[in-house]
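Asks: Encoded as structure tokens, here's the structure I'll be asking about.
Throughout, read-outs are computed from the coordinates displayed, never taken from laboratory work. Just so you know, these numbers come straight off a predicted model, no measurement behind them. Heads up, the Cβs are rebuilt from the backbone with ideal geometry, glycines too, and the neighbour counts pull from every protein chain shown.
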Amino acid sequence: MVGRSNVGKSSLINALTGQRIARAGAKPGTTRMVNLYAARTAAAGMRARRFTLADLPGYGFARGGETARREFDALTRSFFKRLVRDPERDCGPEETRLAGAILVVDGRHPGLESDLAALAWLLELGPPVTVVTTKNDRQSGNVQRALRSRHERTLERSVLSVSSKTGAGVSAVRTALGAMLSPAKPPSGASS
Ligand SMILES: Nc1nc2c(ncn2[C@@H]2O[C@H](COP(=O)(O)OP(=O)(O)O)[C@@H](O)[C@H]2O)c(=O)[nH]1
Ligand SMILES: [Mg+2]
């Protein structure tokens, strides 16, 4: 879970899990650690999958493109690189695989430079990325739709829009999480 400080990462974790496990509303910019949550999927008729949800420190609190980028690099790069660079060697006795990243952005603020930089960085790193916009309960439906298409234009990909407060859109994020954890098998005949 990656995103600017105060964007709603911890609230989204609580909404996704239906539990108040992540501390939300902490003073922006004060979280300087990665919080890990052991979680499990629970889709009807599907095998439950265990996974670890990582709530990463927010970036962009200091404002300004370059500062934000450096901050993001310092705090997040090492965490992802460890998982991506050499999964064989870097993980412990149990198999660990980076299933993907959820980039959380504020529904009200499309096109922020720090968000665009974070997305570019994640895409270059390579894991599947799902973009989720939060705080959508704060606008009317029409404004929400307009902002959503601006998000999609500036990020050049589709986004999922949620409100962690009302729960709107959260189940679609659960579905996206499930897809990251159980990627579709390559078509038969493809080399393995
Ligand atoms: N109205 C509204 N407020 C939200 C939503 N998500 C988060 N917030 C509020 O935004 C603030 C920051 O949320 P938090 O989850 O701590 O952000 P984080 O720093 O990214 O983990 C808190 O006061 C939350 O209650 C949302 O979907 N709607
Ligand atoms: Mg938080």
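Asks: How do Val34, Val159 line up, fewest other C-beta atoms within 10 Å first?
Replies: So the ranking, lowest neighbour count to highest, is Val34, Val159.
Asks: Can you work out the base-10 log of I(q)/I(0) for the stretch 101-192 at q = 0.12, 0.26 1/Å, using the Debye formula on its C-alpha atoms alone?
Replies: Treating every Cα as an identical point scatterer, log10 I(q)/I(0) equals -0.42, -1.36.
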